[in-house]
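Take a look at the structure set out below.
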Amino acid sequence: MKFRAKIVDAACLNHFTRVSTMIAKLAKTCTLRISPEKLNFVLSDRVASGGVSMWCELEQENFFSEFQMEGISAENNAIYLDLTAENLSRALKTAQNARALKIKLTNKHFPCLTVSIELLSVSSSSRVVTHDIPVKVIPRKLWKDLQEPTIPDSDVSIYLPVLKTMKSIVEKMKNISNHLIMEANLSGELNLKIETELVCITTHFKDLGNPPPASEDASQERPPEQMAEVHVDIRKLLQFLAGQQVNPTRAVCRQLKGSHTFHRGAGRLSARPPWSGAQDGPGAHLTGTENYLVSNKIVHFDLLHEDVSLQYFIPALS
């Protein structure tokens, strides 16, 4: 296995740093998947056990001026590495105003991602700062649980309001309740609600719009004004909202049909994690934010911003 890449454009370097900061806010540890065309940051906690899951995708040609990799074989041309997300984020934060950044898979008594940052000194000569980030190489037999998520039909899909606005509201609600009710319908209406023995507070959003259904049969039987409802842990929702460093131009939320994880194909459900090897998943162009609500099962956030995409799954409370 071999991997080495280089960034020389300042805008690309800053963007890659923001993405790594976002990942560090969303996951303590994650899997970095390296393929010839893409980088993916993957978190595959079991949703059925209450954990969140994540799939972040970057088109490597939009970030790197040089990119070379060789996987474990020609048939399985990919590399999977477990790493602590904060270690990568901390290393990249030292690359502000850098002339260039190089990333390489090395072996220094243990596998490492070696990040070399070329900085300009006062005398205009360059100096190199090197970070060795410990990683764990994931064997081929475990790849099946770390593939692209597959999305069945949803009860309701709705475009989200500005995420900073949602974050501000949810932060205030967190002081009153530990869980939050999300309601959405096919008329572009979204409600954020908390209920306790003493108080009920609801924030209403209207005219948000709904994405077209993924299939002709999806949601056809559902009255547009009928609300789909899901209860989520407010801390998990706030972690997702607080972690956003890449401002999406479209954000979508879906309420997905199933408490287990799923694979692409006519909305069928399986008891495995929400990842599959399908190659026809959501594109890598982050141009919006969607939310997909599934009655009392799973909330799927789909954020799009040009050359980065993020899918994030939060399980419903029972």
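The values are calculated or read from the model by the stated rules, or taken from the named source; none is laboratory data. This one's a predicted model, so the numbers in the text were calculated from it and none came from an experiment. When we count neighbours, we look across all protein chains shown, and the Cβ atoms used for this are built from the backbone with ideal geometry, even at glycine. Accessible surface is based on the protein model in full, side chains and every heavy atom, while ligands, DNA and RNA are left aside. Shrake-Rupley method; radii C 1.70, N 1.55, O 1.52, S 1.80 Å.
Observations, loosely collected:
- In the stretch 186-198, the count of residues that are farther than 22 Å from Ile314 by Cβ and surrounded by 13 or more Cβ atoms within 10 Å (Cβ to Cβ) is one or more.
- All positions within the stretch 46-66 that are assigned to a strand (DSSP E or B) and touching a Phe, Trp or Tyr at 6+ places or on another chain (Cβ under 9 Å): Ser53, Met54, Trp55, Cys56, Glu57, Leu58
- Just one of the listed residues (Ser20, Ser73) is outside any strand (DSSP E or B), in contact with a Ser or Thr (Cβ under 8 Å, 6 or more places away or on another chain) and not acidic (Asp, Glu), namely Ser20.
- Residues of the stretch 190-211 satisfying the condition of being outside any strand (DSSP E or B) and more than 24 Å from the chain's Cα centre (by Cα): Thr196, Glu197, Leu198, Val199, Lys206, Asp207
Residues checked against (1) open to solvent by less than 20 Å² (accessible area, probe 1.4 Å); (2) over 30 Å from Thr203 (Cβ atoms):
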position: Leu101; (1), (2): yes, yes
position: Asn107; (1), (2): no, yes
position: Lys144; (1), (2): no, yes
position: Thr165; (1), (2): no, no
position: Lys172; (1), (2): no, no
position: His179; (1), (2): no, no
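- Test: residue in the stretch 21-40 that is open to solvent by 30 Å² or more (accessible area, probe 1.4 Å), more than 25 Å from Asn247 (Cα to Cα) and not aliphatic (A, V, I, L, M): yes
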